[in-house]
1. From the helices alone, meaning DSSP H stretches of at least four residues, give me the mean residue ellipticity at 222 nm for the chain, per-run term -39500 (n - 2.57), in deg cm²/dmol to the nearest 500.
2. In region 1-109, which GluC sites (Glu not before Pro) are in a loop and have at most 15 other Cβ atoms within 10 Å, using DSSP for the loop call?
3. Can you tell me the FRET efficiency between residue 129 and residue 43 if r is taken as the Cβ-Cβ distance and R0 is 30 Å, rounded to the nearest 0.05?
4. Starting from the Cα-Cα distance between residue 80 and residue 51, subtract it from 0.36 nm times their residue separation and give me the gain in nm to one decimal.
5. Please report, in cubic angstrom per residue, the volume enclosed by the convex hull of the alpha-carbon atoms of region 2-146.
6. Using only the Cα atoms of region 40-120, each taken as one equal point scatterer with no solvent, compute I(q) by the Debye sum, divide by I(0), and report log10 of the ratio at q = 0.12, 0.21 Å⁻¹.
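None of the figures in this text is laboratory data; all of them are computed from the coordinates on show. Everything numeric here is computed off the predicted structure, so don't read it as measured data. Cβ placement follows ideal geometry from the backbone for every residue including glycine, while neighbour counts extend to all protein chains displayed.
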Amino acid sequence: MRLVIQRVKEASVTVNNELISKVAKGLLIFVGIEDNDTGEDVEWLSNKVVNLRIFNDEIGVMNKSVKDIDGEILVVSQFTLYASTKKGNRPSYIRASKPEFAVPMYEKFCDRLKTLIDKPIKTGIFGADMKVSLLNDGPVTIMLEK
């Protein structure tokens, strides 16, 4: 699994001009899944995400996690995180999992996040043409891979 995590003041997903999900202060997480991913990867990454100390404390030091600030999480599937650009100018997505494997892993990741922060996880629509809006806070953008 490959994640791009952004600390946001707000983020939202629309599909066909319809608002699907919206969060206030918290995290926007783009998730790419490949066939080698396991339940262990889901467990490790979800624990890492909710405990990453990337939010400012009272003196402006990144010392707090999304759990600490009672923040929200929006998770968006993004197969293009596994783009290979080594040959030619057209990216290859051969490493990205097909929906039959990726959807259950994506759902498992979201479910695990929900358990860990004890609140609903907002999502996009897997495989849809989504428009993602965000106000990156910092900016803070972290890449994680297991």
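1. Details: 2 runs with 32 residues, N = 146.
When only DSSP H runs of four or more count, the value is -7500 deg cm²/dmol.
2. Answer by residue number: 58.
3. My answer for the efficiency is 0.45.
4. Result: 7.9 nm gained on full extension.
5. In region 2-146, the Cα hull volume divided by residue count equals 117 Å³.
6. Once normalised to I(0) and log-transformed, intensities are -0.49, -0.97.
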